[in-house]
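A short write-up of the structure that comes next.
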Amino acid sequence: MENEPPVHTRLRRPVAKAFSRGHVERLRPRVQELATELLDRAGERFDVVGDFAEPLPVLVISELLGVPSSHADELRDWSQAIVKMYEPNRSQERVDAAVRAATDFAALVRDFIRSRRAKPADDLISDLAATELSEDEMVAAAVLLLNAGHEASVNVFGNGLVSMFRAGARPGADKAACVEEMLRFDSALQLFERTATEPVTVGGIEVAEGEKIAVLLGSANRDGAVFERPDEFLPERAENPHVAFGVGVHFCLGAPLARMELTESLTTLFDRHPELELDGEPESRGTFVLRGYHSVPVRSAR
Ligand code: HEM
């Protein structure tokens, strides 16, 4: 994510190739199965983030890469510590925790890569291990996938559901359209930075080479010049050219996986609980760049 072409092109190409090898579609039935299991355990009143939206993508991305589910809690904790580095006003304590998490995370992934190089399996770490990347680059790619592969999905689901409930809306027959509106309406990734690789003028402002600008994706997703009724949550919105997955060379590598996962999660949840509703105040994470809820209490009103 931090690299620009030509380094970025060299790093992204093999990862994208490994990623597009049919792994996403292969996982669809498994996502449905995991979603059903989590809902079986959750009962009729539950925290839809903590009990459902959070564990599901962690399990999915771990399985995709070939990391046993026994590491799921660890992955989630490391990932949470690392993404705090994206927020403004980082304390030294947070920085230390992120460095510790990244070190432990990388050590685990390095072991997996070494073992898959010796004995390949049918998983993404084996595919990565077979690329021309160096071992450090493979470790970085796997850590990025494990991290990016669930962090935003959790918040898209939580933010989207809360927005939908507050708008008095329900998913329509077209669940994929509803997922696009969940991605747009209350963006889980509010802000990303871009580095100018050469001097450029943006909106009348000159940006020197090496300088950064912040791109407010959340704001762009409410642009009245692009979206009709931008501040309304419309689960069946027909035209939805949101930028929740970014644009350009850094466009989200996991967008097909995220879309499949969110669509299956939403379908399974509302098939089981068609009358689902909020059961108290959602609790915000209090973060700005990666915006989301810790917990969203819900109940089945049937
Ligand atoms: C709903 C969930 C997701 C959202 C909203 C999201 C959003 C984004 C955004 C906005 C970027 C662009 C960052 C930039 O402009 O610098 C990005 C990049 C990326 N995403 Fe996602 N993402 C999601 C899920 C996933 C998943 C499931 C994966 C992988 C399994 C993933 C992997 C990546 C990677 C590897 C990049 C870096 C691409 C690059 O720099 O070339 N994301 N994502």
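The values are calculated or read from the model by the stated rules, or taken from the named source; none is laboratory data. Model, not experiment: these values are computed from the prediction. Note: ideal-geometry Cβ built from the backbone for every residue, glycine included; neighbour counts use all protein chains shown.
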Looking at LEU39, is it assigned to a helix (DSSP H, G or I) and either farther than 27 Å from ALA130 by Cβ or touching a strand residue (DSSP E or B) at 6+ places or on another chain (Cβ under 9 Å) (or both)? yes
Residue identified as touching a Phe, Trp or Tyr at 6+ places or on another chain (Cβ under 9 Å) and either at pLDDT 95 or above or crowded, with 18+ Cβ neighbours inside 10 Å (or both) among ALA101, ALA97, ALA141: ALA101
Does at least one position in region 243-253 carry a residue that is under 23 Å from the mean Cα position of the chain (by Cα) and assigned to a strand (DSSP E or B)? no
Kindly indicate which of LEU133, LEU144 is assigned to a helix (DSSP H, G or I), within 16 Å of the ligand (Cβ to nearest atom) and either at negative phi or free of Cβ contacts under 8 Å to residues at least 60 places away in the same chain (or both). LEU144
Among ALA238, ALA173, ALA152, the single one that is in a helix (DSSP H, G or I) and within 28 Å of PHE270 (Cα to Cα) is ALA152
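Looking at region 43-61 only, could you name the residues that are among the small types (Gly, Ala, Ser) and buried (at least 20 other Cβ atoms within 10 Å of the Cβ)? Full working, then the answer.
Applying the first criterion (among the small types (Gly, Ala, Ser)) to region 43-61 yields 43, 50, 53.
Correct list: ALA53 only.
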Yes or no: region 270-277 includes at least one residue that is aliphatic (A, V, I, L, M) and either over 23 Å from the mean Cα position of the chain (by Cα) or within 16 Å of the ligand (Cβ to nearest atom) (or both). yes
Quick one: GLY286 ticks every box in (1) under 24 Å from ASP47 (Cα atoms); (2) modelled with pLDDT of 95 or more; (3) surrounded by fewer than 11 Cβ atoms within 10 Å (Cβ to Cβ) bar one, so which box is it? (2)
Residue pairs, Cβ under 6 Å, 6 or more apart or interchain, first in region 256-267 and over 12 Å from GLN32 (Cβ atoms), second near the ligand (Cβ under 7 Å from one of its atoms) and of a type outside the set (Phe, Trp, Tyr). List them. ALA258/SER153
If we scan region 43-62, do we find a residue that is within 16 Å of the ligand (Cβ to nearest atom), hydroxyl-bearing (Ser, Thr, Tyr), under 20 Å from the mean Cα position of the chain (by Cα) and not in a helix (DSSP H, G or I)? no
Of the residues ALA141, ALA148, only one is closer than 26 Å to LEU59 by Cβ, of a type outside the set (Phe, Trp, Tyr) and in contact with a helix residue (DSSP H, G or I) (Cβ under 8 Å, 6 or more places away or on another chain); which? ALA141
